[in-house]
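Chemist: One structure follows; several queries about it will come next.
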Amino acid sequence: MRDGAQERMIRNRGFQGEIRRGVSMSEVTSLRIGGSADLILYPRETEDLQIVISLCRAQGMGYLLLGNGTNLLVSDRGVREPLIHLFHGFGEIRRKGTTVMAGAGVGLPQLLRFCAANDLSGLEALAGIPGTVGGGIRMNAGSWGVEIGNLVSSLMIMDPAGGTRWVKQEAIEFGYRTITLPPDEIILQGEFSLQQGECSEITKRMEDFLREKKETQPLFQPSAGSIFKNPPGMAAGKLIEEVGLKGMRRGDAMVSPLHANFIVNVGRARARDVLGLIDMIRKRVYQEKGTTLDLEVQIIGEEEVAE
Ligand SMILES: Cc1cc2nc3c(=O)[nH]c(=O)nc-3n(C[C@H](O)[C@H](O)[C@H](O)COP(=O)(O)OP(=O)(O)OC[C@H]3O[C@@H](n4cnc5c(N)ncnc54)[C@H](O)[C@@H]3O)c2cc1C
């Protein structure tokens, strides 16, 4: 079924949100790479989301959640499954005492600003992570030894049948950039258990963390953050630097001269350029260090062949 037919079908079922067709993934990812997505859906509320996933189920089609696209490498051939971006109806932040509830579409920087303004401490170390609450929880985003999963007390989830439920933190296992949540379950809200603090001190800590990041990471160039996970007891960036690949280029994709675990797009890089670099790095690090590097970045879209 082509995307025009899909769009009509979704509308006929009463979907109220925005629908975009043929969107270049370079517009919606921080790496600025990727072919077109057939369909991006922007549900306005829970009912809209239920319409989309029930239709996908009826059609035997998968779907993918899209946050801010800051941990994604999208193939040059684009994405055939519908992408679902939670934003409009999923952007609320509320507090009750030292607990904060944030919708999946809330940006992590926005959540951090809210916490500081409300004298709530705990999330400061995540300053500079450009994802959303949904993507952040799915990836168990972390920095300076703090992971978002350390602060999450419960999650509101939608299952593939469209049912919603709150899941307590104890029922979920958060690992290194992973969470035990089936891939077709959707995070709708996160509840964070924080501590009383003082706005100026919280802001100062956030600024300190951010300054340190700006000095050591290419935050102002298109990237998807760290490409590889750090192997136990080692830093992936250091290993890549030690095998001499800092600054290595493939097309317009370059191993960042500032931090070797970042691949930056210095112009019109393609996914196959990045995949080529990934392949080269993995082989070289394995040959010279005997260490296997696992990907942190999520690769999505129609399969690409590295050149
Ligand atoms: C400059 C830069 C710095 C970074 N620094 C860090 C860092 O210090 N630490 C760190 O951990 N990461 C870092 N990242 C990576 C990235 O920001 C995080 O992984 C972030 O949590 C991804 O969030 P997102 O909203 O962009 O998710 P996306 O990249 O859009 O998606 C990531 C995954 O989450 C899934 N997803 C998104 N929303 C939902 C939802 N509502 N329900 C279920 N699944 C969902 C997607 O399907 C996908 O599998 C950095 C990235 C950049 C570009």
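The values are calculated or read from the model by the stated rules, or taken from the named source; none is laboratory data. None of these values were measured; they are calculated from a predicted model. In this analysis, Cβ positions are derived from the backbone assuming ideal geometry, glycine residues included, and neighbour counts consider all displayed protein chains.
Chemist: Is it the case that Glu45 is closer than 17 Å to Gly134 by Cα and either of a type in the set (Asp, Glu) or touching a Lys or Arg at 6+ places or on another chain (Cβ under 7 Å) (or both)?
Modeler: Considered against the rule, which asks whether it is closer than 17 Å to Gly134 by Cα and either of a type in the set (Asp, Glu) or touching a Lys or Arg at 6+ places or on another chain (Cβ under 7 Å) (or both), Glu45 comes out as yes.
Chemist: It is to be established whether one or more residues within the range 227-243 are within 12 Å of the ligand (Cβ to nearest atom) and farther than 22 Å from Lys283 by Cβ.
Modeler: Checked the range 227-243: no residue is within 12 Å of the ligand (Cβ to nearest atom) and farther than 22 Å from Lys283 by Cβ.
Chemist: Another question about this same structure. Could you list all residues from the range 1-38 that are within 21 Å of the chain's Cα centre (by Cα) and part of a loop (DSSP other than H, G, I, E, B)?
Modeler: Hits for the range 1-38 are Val28, Thr29, Ser30, Leu31, Arg32, Ile33, Gly34, Gly35.
Chemist: Go through the range 245-284 and give me each residue that's of a type outside the set (Gly, Ala, Ser) and either touching a Pro at 6+ places or on another chain (Cβ under 9 Å) or modelled with pLDDT under 95 (or both).
Modeler: Listed by number, the residues that qualify are Lys246, Pro257, Leu258, His259, Phe262, Val264, Asn265, Val266.
Chemist: Is it the case that the range 112-128 has a residue that's closer than 27 Å to Gly197 by Cα, among the hydrophobic types (A, V, I, L, M, F, W, C) and within 14 Å of the chain's Cα centre (by Cα)?
Modeler: Yes: the range 112-128 contains one or more residues that are closer than 27 Å to Gly197 by Cα, among the hydrophobic types (A, V, I, L, M, F, W, C) and within 14 Å of the chain's Cα centre (by Cα).
Chemist: Provide a single number: the residues in the range 94-103 that are in contact with a Gly (Cβ under 9 Å, 6 or more places away or on another chain), surrounded by fewer than 23 Cβ atoms within 10 Å (Cβ to Cβ) and not β-branched (Val, Ile, Thr).
Modeler: 1
Chemist: Would you mention how many residues in the range 46-90 are more than 14 Å from the ligand (Cβ to nearest atom), within 22 Å of Ala269 (Cα to Cα) and polar (S, T, N, Q)?
Modeler: Count: 1.
Chemist: Got a sec? Which of Lys229, Lys214 is within 19 Å of Ile129 (Cα to Cα), surrounded by fewer than 17 Cβ atoms within 10 Å (Cβ to Cβ) and in contact with a strand residue (DSSP E or B) (Cβ under 8 Å, 6 or more places away or on another chain)?
Modeler: The unique qualifying residue is Lys229.
Chemist: Quick check: is even one residue across the range 206-224 away from the ligand (no atom under 12 Å from the Cβ), closer than 30 Å to Lys289 by Cβ and more than 21 Å from the chain's Cα centre (by Cα)?
Modeler: Yes, the range 206-224 contains a residue that is away from the ligand (no atom under 12 Å from the Cβ), closer than 30 Å to Lys289 by Cβ and more than 21 Å from the chain's Cα centre (by Cα).
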